[in-house]
Every structure is written in C-alpha cells, then in structure tokens.
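Data block below; observations after.
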Amino acid sequence: MLPIGPLMIEHRLIEKMIEVIQKEVEVWKRKDSINPEFVDAAVDFIRVYADKCHHGKEEDILFRDLQKKNLSDEHKRIMDELIQEHQQARKTVSEMVEAKQRYIQGNKEMLPIIINCMEFMTDFYPKHMEKEDKHFFLPCMGYFTPEEKDSMLKEGWEYDRNLIHEIYKEKINTWATNSD
C-alpha cells in the first residue's frame, strides 16, 4: 500500500460526515435553530479526525517529506494551497465554536454565523479532498523511492497508534490548567 492509501480511505469517512452535516444544516435552516450537541460532535470530528489525525499525517509526514524533494512548481503550489486550506478550516472551526458559545448564551444572531461555518466545511472538504485525490497525492508518490514510501506508511500507522494518547494528554493538561 502507498502512504497515500490510508489518507484516501480517511477521505471517504470525512465525506460521510460532510453528508451528515449537510442534512443537519438543512434541518437548522427550516427550524431556525441549531442543535448545539451536534455542533460539538461535528467540531470534535473535524478537529480530531479530519484535522489532528488526517491533516496531521499529511502535514507531519507527507508534506514534511515532500519539502525535502525538488518539487515541480505545480506540486509546490498545490502543497502550499493545501496547507493554507488546512489553516482556513482550523480558523473556521474556531469561529464556529465561538459563535456556538455565544448562541447558547442567548445570542441568536450567531445562528447564521454557525450555519455559514458549517456550510463552509461542507463546501470546502469535497473540493479539498478532490484536489488531493485527483491532482496531488498520486503524482507526488513519484518523488519517493519504494523504501521511502514504506517508511512513510509505517510512520503513518505509528502516528495513528499514538494519537489517542496524545489527545487525552492534551485534554488532561487543559483540564488540570483550568482547574488551578
């Protein structure tokens, strides 16, 4: 398996979540209210699975190793775009979390902001994943030797294996800091 195989498999799960988000947002528009618990669940999925797990492997393994290669101008441009898109997604999720907090505190003017953030995600991810799947991942494998590809794949599995421990270390540190 190529090191991009697990990334492309992860894209399929992200696509399923995007479909769920789209359906939920349509309900919100009809009801003119949100489900704060669903916002939390969507944020958790995006932050943990899509960003920390998926984007983490892209940035910390694939992009890191690609930066050591003599990339074509096109591949360098696309990689830079992908990194900027990851940053924009993180920013949008943070805006959504802030808007949800204000919404549950009674500021109903946050409803369109939350919906806009969710709609950004449902528009962003399909285009972003298509760019990776169809225009970037496979061509970039040509920069690597078979040994480098195997090493990256193994590093990706190790990354996944350690992820749950890192997540809960961060959570405990946050809880401990906030309880002082």
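Values in this text are rule-based calculations from the coordinates and carry no lab data. Note that the structure is predicted; figures quoted are calculated from it, not measured. So basically every Cβ, Gly included, is an ideal-geometry build from the backbone, and we count neighbours across all protein chains shown.
Values computed for the structure shown
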item	result
Helix axis angle, 146-179 relative to the chain longest principal axis, alpha carbon, degrees	30 degrees
Length gained when the stretch Thr177-Asp133 is fully extended (0.36 nm per residue, less Cα-Cα span)	11.8 nm
On Cα atoms only, tilt of 73-104 relative to the major axis of the chain in degrees	20 degrees
Shape box of region 129-180 [Cα atoms, principal axes, largest first, Å]	51, 26, 13
Charge tally in the Cβ shell below 13 Å around Glu147, where Lys, Arg are +1 and Asp, Glu are -1, Glu147 excluded	-2
Whole-number D in µm²/s for the chain (Stokes-Einstein; Kirkwood sum over Cα pairs; 25 °C, 0.890 mPa s)	138 µm²/s
Per-pair calculated FRET efficiency, R0 = 25 Å: Arg90 and Asn35 via Cβ, rounded to 0.05	0.65
³J(HN,Hα) computed for each position of region 31-48 - Karplus, 6.51 cos²θ - 1.76 cosθ + 1.60, integer Hz, glycine/proline x	7, 6, 7, 10, 9, x, 5, 5, 4, 4, 5, 5, 4, 4, 4, 5, 5, 7
Additional length obtainable on full extension of the chain from Gln22 to Val97, 0.36 nm per residue less Cα span	25.2 nm
Candidate lysines for bridging to Lys31, where Cα separation is under 27 Å - those fewer than 8 sequence places away on the same chain excluded	Lys16, Lys23, Lys91, Lys100, Lys108
For region 85-120 and region 44-82, distance of Cα centres in Å	25 Å
